[in-house]
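Here is the structure we will look at, set down as structure tokens.
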């Protein structure tokens, strides 16, 4: 049974994990474990799972593969096309807009939407891969949908 890392070792582990997630594409947590083991860390998939959650890493679509990445800063999201890679679909009915995103990225996208004061959004509710968007005025749902589409597409 592998032991849990000491505090200083854990800091080094987190730094190594962050570096891997920034620079390499991993589809599974097992692949991450193997890469860290090559760097001299004695880790389990459970440890990696906890650290990924702690760091807020998400799976996003890159070259038609779902890979782990660190969360993007809000300023860098709007400055480049990385946000567009997270959004899979936007649909609506008469009162609600639903946005489907890559697994694990709904809260990140919802937070970005909540920070935009000019979109006409009353609020959002985010799960793992789905966001419910409530418009300020139901009569203006088409305008809100257009604003969101412009931002996310």
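The values are calculated or read from the model by the stated rules, or taken from the named source; none is laboratory data. Here the structure is a predicted model, which is why all the values come from computation and not from measurement. Cβ coordinates were reconstructed from backbone atoms using ideal geometry, including for glycine residues, and neighbour counts include every protein chain displayed.
Okay, here's what the table says:
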| item | result |
| --- | --- |
| Count - residues of the stretch 22-41 that are assigned to a helix (DSSP H, G or I) and surrounded by 14 or more Cβ atoms within 10 Å (Cβ to Cβ) | 6 |
| Subset of the stretch 124-142 (residues that are within 12 Å of residue 95 (Cβ to Cβ) and surrounded by 15 or more Cβ atoms within 10 Å (Cβ to Cβ)) | 132, 133, 134, 135, 141 |
| Positions within the stretch 1-16 being modelled with pLDDT of 85 or more and either within 13 Å of residue 44 (Cβ to Cβ) or loosely packed, with under 12 Cβ neighbours inside 10 Å (or both), in sequence order | 13, 15 |
| Of the criteria (1) in contact with a helix residue (DSSP H, G or I) (Cβ under 8 Å, 6 or more places away or on another chain); (2) in a helix (DSSP H, G or I); (3) modelled with pLDDT of 80 or more, which one residue 19 fails | (1) |
| Any hit, the stretch 71-87, residues being surrounded by 14 or more Cβ atoms within 10 Å (Cβ to Cβ) and at pLDDT 85 or above | yes |
| Residue, modelled with the lowest pLDDT, within the stretch 98-124, restricted to residues that are part of a loop (DSSP other than H, G, I, E, B) and farther than 19 Å from residue 58 by Cα | 117 |
| Sole exception among (1) closer than 17 Å to residue 130 by Cβ; (2) at pLDDT below 95; (3) surrounded by 12 or more Cβ atoms within 10 Å (Cβ to Cβ) for residue 44, by number | (1) |
| Members of the stretch 79-97 found to be touching a residue at least 12 places away in the same chain (Cβ under 8 Å), within 16 Å of residue 151 (Cβ to Cβ) and either in a strand (DSSP E or B) or over 16 Å from the mean Cα position of the chain (by Cα) (or both), listed by number | 87, 88, 90, 92, 97 |
